[in-house]
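Here's the structure, in structure tokens; my notes come after.
Each value in this text was obtained by applying a stated rule to the coordinates, not by laboratory testing. In this text the structure is predicted, and so the values were computed from the model without any measurement. In this analysis, Cβ positions are derived from the backbone assuming ideal geometry, glycine residues included, and neighbour counts consider all displayed protein chains.
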4 protein chains.
Amino acid sequence: MQAPDGDYETRVRSSFDKQRFMTTIGATLSRVQPGEVAIDLEYRDDLVQQHGFLHAGVVAAIVDSACGYAALTLMRPGTAVLTVEYKVNLLAPAQGQAFRAHGRVVRSGRTITVCTGDVSVVETGSTIAVMQATMIAVDARDDRRD
Amino acid sequence: MQAPDGDYETRVRSSFDKQRFMTTIGATLSRVQPGEVAIDLEYRDDLVQQHGFLHAGVVAAIVDSACGYAALTLMRPGTAVLTVEYKVNLLAPAQGQAFRAHGRVVRSGRTITVCTGDVSVVETGSTIAVMQATMIAVDARDDRRD
Amino acid sequence: MQAPDGDYETRVRSSFDKQRFMTTIGATLSRVQPGEVAIDLEYRDDLVQQHGFLHAGVVAAIVDSACGYAALTLMRPGTAVLTVEYKVNLLAPAQGQAFRAHGRVVRSGRTITVCTGDVSVVETGSTIAVMQATMIAVDARDDRRD
Amino acid sequence: MQAPDGDYETRVRSSFDKQRFMTTIGATLSRVQPGEVAIDLEYRDDLVQQHGFLHAGVVAAIVDSACGYAALTLMRPGTAVLTVEYKVNLLAPAQGQAFRAHGRVVRSGRTITVCTGDVSVVETGSTIAVMQATMIAVDARDDRRD
């Protein structure tokens, strides 16, 4: 896929760095390519559900972000991205030491971008969640839903 | 709706209290009724996205939990609940001081329970997210996906 | 909810009448109110799945249409509506003689409208499907996805 | 992926042939492999929406069926498959003469199977819809939702 200019990675990293919740949970941007973004997360025992596995809310948050930033790489400069909606299937308990979320653009339009994503356990390669998401481009100066 | 016994609230609170991620973000169980659960959350500046509003990952996490526990209130003793999948639409920026997530059972089956949920801003009553979720009952002693 | 003018029902009926697939399956528009539309369908044995119940594809099609037209009632004249995406849970077999799909607007924006819908069996009132859908307004003269 | 026995194609074709709605719209099973099924459909002018393109309800119906049968190929003999829920994004107008829906299993469990699917235009290879779906295995003698 083709990014609109060479600054897509700067735009993505600049936005990601302002997401304080990503810092709170220890997520990091590990890959930013046109139409594809990866986010890494280490296991921490303050991020777990009742059985000691990574909480589904954390799993969903990192793959939602990966999808959103994958969409942003293909959007015009001056544009921000918002999640319209997503759907996530949780396939297996998030059991492991390190997790990687991938987001990929399936279709990039002027307004709407559709992405798919997944989360896997780094040690085993096992996929623990899959996502299908809809993103919208908004003017970066007026970064609200219409 | 009819809970299977009088201990449904104890079962829900006991599970919720073990979800360390809920404690990490400051979420609290504010209502537990048969087929309906509410979870409250105060704004905190370590839970925000790039524009200073509550992160969508946090919004989704509390309504997913509310839906899961709403399902659990109607499940038999000895049963645990897992999220199979959910879909969430984010309607407006999560701008406010206090947020409330509601989960409600739409259909309760032996294996599968379907719920709807929403998140609103307490000050304004404005709905900022809606969810439709599928939960599954599993044996509490072997609390994994099959 | 407030329609933008008094012609919303005419716009909805005019579009519905051009959907030949709705005629093919025998669906009819039974209610058009601002932000809410109902579509009725009679059982026919050429619309069934392998156990003789109404096919899920037919169930989803009528509630998707009901949601789309509910969205259209609140859109400006000169606008057409397209389904961006929907998610449907099938709660029970579609067993009955007559079915009614309802679509309701949850949030109406300039570009994006979010709806919920359901399908019930008329004889019993039993809900057999629930939907959460995202619609987009497009210029009626250039009625494509961007 | 590994089918449980050599009769998976027979089981799929036998069930498909009983879906009268698939016959009504002219859909045919074009590929049945363990964990993957394709369904073909020719354009017909009684299956269209208001602009003369294939109706989204038809698009969704064939990819839902492809996902369900992909799941069934991996289920034990004596089992039937039901759609718990699906989510579909419509990417572009369904404009063309021939359409192919693919369903693929992402994760196959004892009870729950998760699939992804897509629909493309045969002439151009263009993808017009993507789906993420949850299927459930039920006893074939008592083929209802629990």
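Of note:
- Only Lys, Arg (+1) and Asp, Glu (-1) charged, at Cβ; the protein assembly as shown dipole about Cα centre in debye: 0 debye
- Across segment A:107-124, rounded Karplus estimates of 3J(HN,Hα) from the backbone phi angles (6.51 cos²θ - 1.76 cosθ + 1.60, θ = phi - 60°) give 8, 10, x, 5, 9, 9, 10, 10, 10, 10, x, 8, 10, 10, 7, 5, 4, 10 Hz, Gly and Pro being marked x.
- Placing a label point 7 Å from the Cα of B:R44 along the Cα-to-Cβ direction, the residues of segment B:98-134 whose backbone N falls under 15 Å of that point are B:98-99.
- With 10 Å bins beginning at zero, the pair-distance distribution over Cα atoms of segment C:85-127 amounts to 24, 44, 23, 8 %.
- Residue (of C:G125, C:V37, C:A27) at the positive-pole extreme of chain C, dipole from beta-carbon charges: C:V37
- Of C:D46, C:D64, C:D17, the residue with the greatest mean-square motion in the GNM of chain C, using alpha carbon springs below 10 Å, is C:D46.
- Taking all Cα pairs closer than 8 Å and separated by 6 or more residues, the relative contact order of segment B:1-134 comes to 24 percent.
- Global size of segment B:68-146 as Cα Rg and Dmax, reported in angstrom: 14.4, 42
- Cα convex hull volume per residue for the protein assembly as shown (Å³): 138 Å³
- Sorted by Cβ density within 10 Å, fewest first, the residues D:D7, C:D40, B:D118: D:D7, C:D40, B:D118
- Note on chain C: with a GNM built from Cα contacts shorter than 10 Å, the maximum mean-square fluctuation among C:T113, C:T83, C:T24 falls on C:T24.
- Choice from C:V81, C:V121, C:V105 showing the highest fluctuation, given a GNM over chain C with Cα pairs closer than 10 Å: C:V121
- Shortest-first distances to equivalent copies, position C:H51, nm, label 7 Å out along Cβ: 2.8, 3.8, 4.6
- Here's the list of aspartates and glutamates a cross-link from D:K87 could span, going by alpha-carbon distance under 14 Å and ignoring same-chain residues fewer than 8 apart: A:E85, B:E85, C:D64, C:E85, D:D64, D:D118.
- Rg and Dmax [Cα atoms of segment A:8-139; Å; Rg one decimal, Dmax integer]: 14.0, 44
- Taking the label point 7 Å along Cα→Cβ, B:S30 and its counterparts in the other copies are spaced 3.8, 3.8, 5.3 nm apart, in ascending order.
- Plainly put, the tip 7 Å out from Cα toward Cβ on D:P4 is 2.5, 5.1, 5.4 nm from that tip on each other copy, the closest given first.
- For segment C:63-146, applying the loop criterion from DSSP together with a ceiling of 11 other beta carbons within 10 Å to the trypsin sites (Lys or Arg not before Pro) yields C:R110, C:R141.
- For segment D:8-139, a crude dipole built from +1 on the beta carbon of Lys and Arg and -1 on the beta carbon of Asp and Glu, taken about the Cα centre, is about 460 debye to the nearest 20.
- Filtered trypsin sites (Lys or Arg not before Pro), segment C:1-57: DSSP coil and at most 12 other beta carbons within 10 Å: none
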